[in-house]
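One structure is given here, and the rest of the page talks about it.
The values are calculated or read from the model by the stated rules, or taken from the named source; none is laboratory data. Bear in mind the structure is a predicted one, so any value in this text is a computation, not a measurement. Every residue, glycine as well, gets a Cβ built from its backbone with ideal geometry; the counts of neighbours run over all protein chains shown.
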Amino acid sequence: MILSVKDVYKSYGKEQVLKGITFEIEEPQIIALVGPNGSGKSTLLNIITNLLPADKGEVTVLGKNNRDPNIFREISFMQDNTVLYDYLTGYDHLQFICDVQGLPKKQLLATAERIGITSYLNKKVKNYSLGMKQHLLLAMAVLNKPKLAILDEPLNGLDPTSAIRVRELLLALRDEGTTILLSSHNLAEIDRVTSSILFLKKGNLIQENMAEFEQVRYQIKVDQTAKAEKALTAVGIPVELVDERLHVYRRDVALDRVLHILERENVVIDDIEKKVFGSEERYRKIFTEEAKTDELVQV
Amino acid sequence: MRQFLFENKKMMKKKSVWAAVFITLLSLLVLSYFHFSAADRIRNGNIVKQENVLAQYKIWIEDAETELQIAEKNSDAETGDAMAAVIEKYTQSIVNQEKWISDYTQREWKTILEEDIADFELYSSEDGSMAIEGQRVKSFTLRAALEEKRWFLKNGIDPVVQNTSYNLFVPTIYEDFTGRALDYWKQVTARYGDTGLTYFYGMMPNFLMQIFILIGCFLFGNSISGESGKKKKGLQLHFVQPVSKTALFLSKYVSGLTATLIFVGLLVSAIIMSGEFGNGIGSLEYPVLVYEGAEPNPYGSEFNALIPENDQFHFIPLGEYLKDVLMMGSGLLFFTYSLYFLLALGIRNQSITILVTGGILFGGMTILPVSAYNPFTYVDIHRALNGEIATIAFNPAIGFQHGMLALFVVGTAVLLAAFIGFHVKSRNVAA
Amino acid sequence: MLAGTLLLIGTLFIRNVMQQDVVRAEKIEWFSGYMQEVATQNRTDRQMLQETPLEELEQKLDVGVALQNQLNGLILSIENGAWEDELQQEIDVYLTAIDYKEVKGNYSFSNGDMDETIRLNEQLLLLGLPKEDIGRSVQPPLFIKQIVSLVLNPFGLTVLLVLLGTVITREFEDRNMQMVYTFPIPKWKYVFVKFTGLLLTGLIWLSVLFSASYLLPALTVESKELIFDYPLSLANGSFLDAGTYINEACIYSVGVLLFAIGVLTLVGFMARQTIISSVVILAVFAGGWMSIRNGMDLLWNPFTYVNVNEAIINHADYFPTGLIVLFGVAAVLLAIAMWGSRKRGVS
């Protein structure tokens, strides 16, 4: 068991932020924690890392109680950039972690190289941009090659190039056996890296597998719409007709088969558009009552 | 240890702290320079006063010579003889005065002290007395002043600068002058150390060391409060490392304490070294008055009274006093720093923390009853060490040993409270 | 800060109320000491007269006995709380004591002090006011004077500035200034706005200080008629009535506040860090205090007025010119602060 959160409650005054959160992570994967501002994401991450006490509940990390500081030899927590010391360099921060974790200096340099912060490692943090600080925080979080990396908003403030690099890094870490629990508002990026999403709504957790809710829809424009619809329906493929376009779902049929049937019926295809129904739509469904299912995320 | 080194590294890299240390040092040296200039001005003023007396003698001689000439013209032998005697007397006075001025200017104290000792032997004898504006100087003060002069003479020590150049009194707690006599007494007993050591000694009753300690705490005691604000959360970085909270607390506490200790040591050294602006660093043999106190009255404390004729005193070398001041100062630093550290856990604004710490320290000293085991009794290090507090309170137990014990024990208790406070705070560090 | 000020005023007032009986006891003890001194001399003189009759000694004894009797009467008046008798008898005692000294009697109080007390008592009798212990009075103007002495001095002002100083430096430390400097107003104007804000805060604090010091005794203790005419001794030997003292204290306080906020604005905007600005302010006011102690309490030195009470009592002739000094120095400090911030950015 990598992480086990059982029946965790947390209130701030009269406001109950977490109402019995329970979830487990058993296998290395990337899991996203998603919720609107103030939904309790950071509170949950802080409770997992013992920076905040839960009113009730239990957290076990890699089989150990989360109050044991030695868990941080095997896990890491990337916090926001207010934890950085303005007057120290990036190197100072990494060296501190190396020192307290007993890591060799070469690991420091290798991590800096991997994250791409070598060029400004010896500059003071007060001279860093937001993105540079994010990179440093990420380097600090992966320096000890953790089994579980908890990342709070790792994609915040990154330019597109950096975002791509971080995404690749996260996937690589996952492949190396690191479990990543990240919170983010960037749902498009989440779609690209995560396998499971924890939606935090009004203190409750809704855990969903990406494979279960992710939908891919093909919107096909043809010269003989009625004929095409009839041909597909005839073989049992559900078809929706919207704005003179045929809508078919990947969960019902592979695109190859649709194309094959239409070709057989001598229907000419003018255009095909692929639409993904991903975490953003799911987010809308969960958090917005008026969510419109046809507003899809274009890839 | 690594945590401790990191704390030190952070401190070393904080430019603002270095700038504050530099500004403090610079200000101290500038103020010291002013002090030594003032001491020099007063000293020169004393010389000018004596030169005026010299000029007066010369005028009197000229007047006497004129009268002598007239007497000779008028064949007035009686007046002539009298005037010749006056001229001879003032001529001798001029010689003496010139010698005095030369000695004072050259800091040749032997003759001056011998004359002063003779005066004070007379004042403190049964037949003699000394009064200011009709109010008598107490026997204790006369005896102390006499002994101090003998010490100066015996050990070849220069007295410090005072607003007068003769009858150099030492101020004591036995005096109870009022009105103009008090103003005059304050003026003539105000002392201006003209060496680094005597300057330091003279500033001790003005809570110099305590102010240094408070500044030190202000600069170096914020390792927790400064990292647990809303915009600076460095403390959280430590909590997600494999470091025990005890080690974290101790490393933060000890690094700040060490820095404060070094800082106070630096300022004390600077103030002593600043004597180079004046008459050098000075001698460790300079006499420090220590009150031996009066015995408590066996019939009850309401009958306790200081008896200027009987109460005893002695002098110790400044070196010994300095050693005790540094030791007790370290004890007070430990106590004050622990208190500041504890308060800083709850107060994020360091300006308020330092004012509250200072308030508790000086409020406790003023309000709480004086006792051998009350650490606030020892906030006034100077008066605790020279026996002044023990004498006034008729409590001979108040002194160095009990002071160190009280400061250490209560300081440790405050440290423990800070440790518990830190543990409580650390449970909610991300709140 | 306001809470602390009110707490201080309240505590001091309660202490003064509690000290009223102590004041009387101390007066009795004080005059008993002198009576003992005179009585001892009288006893010795009587013995000596029995052995060798001397006219001089007889004269001394006569005056001594009269003095002893007057002292006794004075103590009784104090015990009975008959303040008018007390004032008149104190005058009589001192007049006799001066005579006693002339006939070689010992009376351990200087003639100058006695002259001053006689003049004060005569003034008080004219006004129909009892004598107050200036440091422990519960009468409004004298209590205000005590608060002014206690708070409006280099130490009190340093505390005020260290507390207020964070208003400027925190904005730099928390990077709020980065946002502020994007507002469509010139930087120098922002310095002025900050100065004005701090000045207003300081003025509110001052008004609370004076109002509370007045209202607390005025509402709880019966004020004596003409108490605002109470004569206060000045260093030059003349008297200043308490009402004028308070007017001058109020005016000086505003001037000193203006000067202090000027120092704070300049240091705050130059240093931009709490610890540095606090240390600089401490150094500036310690230096000012030291300059005054070393005889530089001159008209043009703004630090002369930082101790408002001493400025009024010791330098009566500096009023109101001293205000021009304070306003002028404040204006110069503010101008430097505004000029210095014109082109300086924030990082």
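Couple of notes before you dig in:
- Evaluating A:LEU18 against the criteria (1) of a type outside the set (D, E, K, R); (2) away from chain B (no Cβ under 14 Å); (3) farther than 18 Å from A:ILE150 by Cα leaves one unmet condition, (2).
The rows are residues; the columns are (1) buried (at least 22 other Cβ atoms within 10 Å of the Cβ); (2) touching a helix residue (DSSP H, G or I) at 6+ places or on another chain (Cβ under 7 Å); (3) among the small types (Gly, Ala, Ser); (4) under 30 Å from B:ASN428 (Cα atoms).
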site	(1), (2), (3), (4)
B:THR336	yes, yes, no, yes
B:LEU355	no, yes, no, yes
B:THR366	no, no, no, no
B:PRO375	yes, yes, no, no
B:ILE392	no, no, no, no
B:ILE398	yes, yes, no, no
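- Selection status of A:LEU103, in a loop (DSSP other than H, G, I, E, B) and touching a Gly at 6+ places or on another chain (Cβ under 6 Å): no
- Among residues of region C:269-309, those that are of a type outside the set (Lys, Arg), facing chain B (nearest Cβ under 9 Å) and part of a helix (DSSP H, G or I), counted: 14
- Tabulated pairs, region A:264-276, first within 12 Å of A:TYR218 (Cα to Cα) and at pLDDT 85 or above, second surrounded by fewer than 15 Cβ atoms within 10 Å (Cβ to Cβ) and among the hydrophobic types (A, V, I, L, M, F, W, C), C-beta under 8 angstrom, 6+ apart or interchain: A:ILE272/A:LEU255
- Of all residues assigned to region A:150-169, at least one qualifies as being of a type in the set (Ser, Thr, Tyr), within 17 Å of the chain's Cα centre (by Cα) and buried (at least 16 other Cβ atoms within 10 Å of the Cβ).
- Restricting region B:193-230 to residues that are in a helix (DSSP H, G or I) and polar (S, T, N, Q), the residue that is modelled with the lowest pLDDT: B:SER225
- Any hit, region B:231-242, residues being more than 14 Å from chain A (Cβ to nearest Cβ) and either of a type in the set (Ser, Thr, Tyr) or part of a helix (DSSP H, G or I) (or both): no
- For the residues B:LYS231, B:LYS252, B:LYS245, the requirement of being in contact with an Asp or Glu (Cβ under 8 Å, 6 or more places away or on another chain), within 30 Å of A:VAL142 (Cβ to Cβ) and surrounded by fewer than 20 Cβ atoms within 10 Å (Cβ to Cβ) singles out B:LYS231.
- The number of residues in region B:306-364 being of a type in the set (S, T, N, Q), within 14 Å of chain C (Cβ to nearest Cβ) and under 23 Å from the mean Cα position of the chain (by Cα) comes to 1.
- Residue that is among the polar types (S, T, N, Q) and without any contact (Cβ under 8 Å) to a residue 24 or more places away in the chain, where the choices are B:ASN279, B:ASN310: B:ASN310
- Only residues that are touching a Pro at 6+ places or on another chain (Cβ under 8 Å) and within 23 Å of B:ARG136 (Cα to Cα) were counted across region C:92-148, and they come to 0.
- Of the residues examined, C:MET179 is one that is in a helix (DSSP H, G or I), free of Cβ contacts under 8 Å to residues at least 60 places away in the same chain and more than 33 Å from the chain's Cα centre (by Cα).
- Failed condition for B:LEU29, given (1) under 30 Å from B:GLY193 (Cβ atoms); (2) more than 32 Å from the chain's Cα centre (by Cα); (3) hydrophobic (A, V, I, L, M, F, W, C): (2)
- Enumeration of residues in region B:198-230 that are within 11 Å of chain A (Cβ to nearest Cβ) and touching a residue at least 60 places away in the same chain (Cβ under 8 Å): B:GLY226, B:SER228, B:GLY229
Rundown of residues vs (1) touching a helix residue (DSSP H, G or I) at 6+ places or on another chain (Cβ under 6 Å); (2) in contact (Cβ under 8 Å) with a residue 24 or more places away in the chain, yes/no style:
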{"position": "A:VAL61", "(1), (2)": "yes, yes"}
{"position": "A:ASN66", "(1), (2)": "no, no"}
{"position": "A:SER76", "(1), (2)": "yes, yes"}
{"position": "A:TYR91", "(1), (2)": "no, yes"}
{"position": "A:CYS98", "(1), (2)": "yes, yes"}
{"position": "A:LEU109", "(1), (2)": "no, no"}
{"position": "A:ALA112", "(1), (2)": "yes, yes"}
{"position": "A:ILE115", "(1), (2)": "yes, yes"}
{"position": "A:SER119", "(1), (2)": "no, no"}
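- Residues of region C:224-250 classified as aliphatic (A, V, I, L, M), farther than 14 Å from C:GLU310 by Cα and assigned to a helix (DSSP H, G or I), total: 2
- Against the conditions (1) closer than 30 Å to C:GLU55 by Cβ; (2) polar (S, T, N, Q); (3) buried (at least 17 other Cβ atoms within 10 Å of the Cβ), C:ASN121 satisfies every one except (1).
- No other residue among C:VAL167, C:VAL180 is among the hydrophobic types (A, V, I, L, M, F, W, C) and at pLDDT 75 or above apart from C:VAL167.
- Residue in region B:43-60 that is within 20 Å of the chain's Cα centre (by Cα), within 14 Å of chain C (Cβ to nearest Cβ) and surrounded by 15 or more Cβ atoms within 10 Å (Cβ to Cβ) present: yes
- Residue ID - farthest from the chain's Cα centre (by Cα), chosen from residues in region C:122-175 that are within 14 Å of chain B (Cβ to nearest Cβ) and among the acidic types (Asp, Glu): C:ASP174
- Candidates C:SER207, C:SER213 - the one that is assigned to a helix (DSSP H, G or I), in contact with a Phe, Trp or Tyr (Cβ under 9 Å, 6 or more places away or on another chain) and small (Gly, Ala, Ser): C:SER213
- Pairs, first within 9 Å of another protein chain (Cβ to nearest Cβ) in region B:180-196, second assigned to a helix (DSSP H, G or I) and acidic (Asp, Glu), C-beta under 6 Å, six or more apart: B:ARG180/C:ASP113
- Scanning region B:83-136 for residues that are part of a loop (DSSP other than H, G, I, E, B), without any contact (Cβ under 8 Å) to a residue 40 or more places away in the chain and touching a helix residue (DSSP H, G or I) at 6+ places or on another chain (Cβ under 8 Å) returns B:GLU108, B:SER124, B:GLY128, B:SER129, B:MET130.
- Residues (at pLDDT 85 or above and part of a loop (DSSP other than H, G, I, E, B)) located in region A:142-162: A:LEU143, A:ASN144, A:LYS145, A:PRO146, A:LYS147, A:GLU153, A:PRO154
- Complete set of residues in region C:41-82 that are of a type in the set (A, V, I, L, M, F, W, C), in a helix (DSSP H, G or I) and within 35 Å of the chain's Cα centre (by Cα): C:LEU67, C:LEU71, C:LEU74, C:ILE75, C:LEU76, C:ILE78
- Filter pass, B:ARG143 being within 14 Å of chain C (Cβ to nearest Cβ), basic (Lys, Arg), buried (at least 17 other Cβ atoms within 10 Å of the Cβ) and out of contact with any Pro (no Cβ under 8 Å at 6 or more places or on another chain): no
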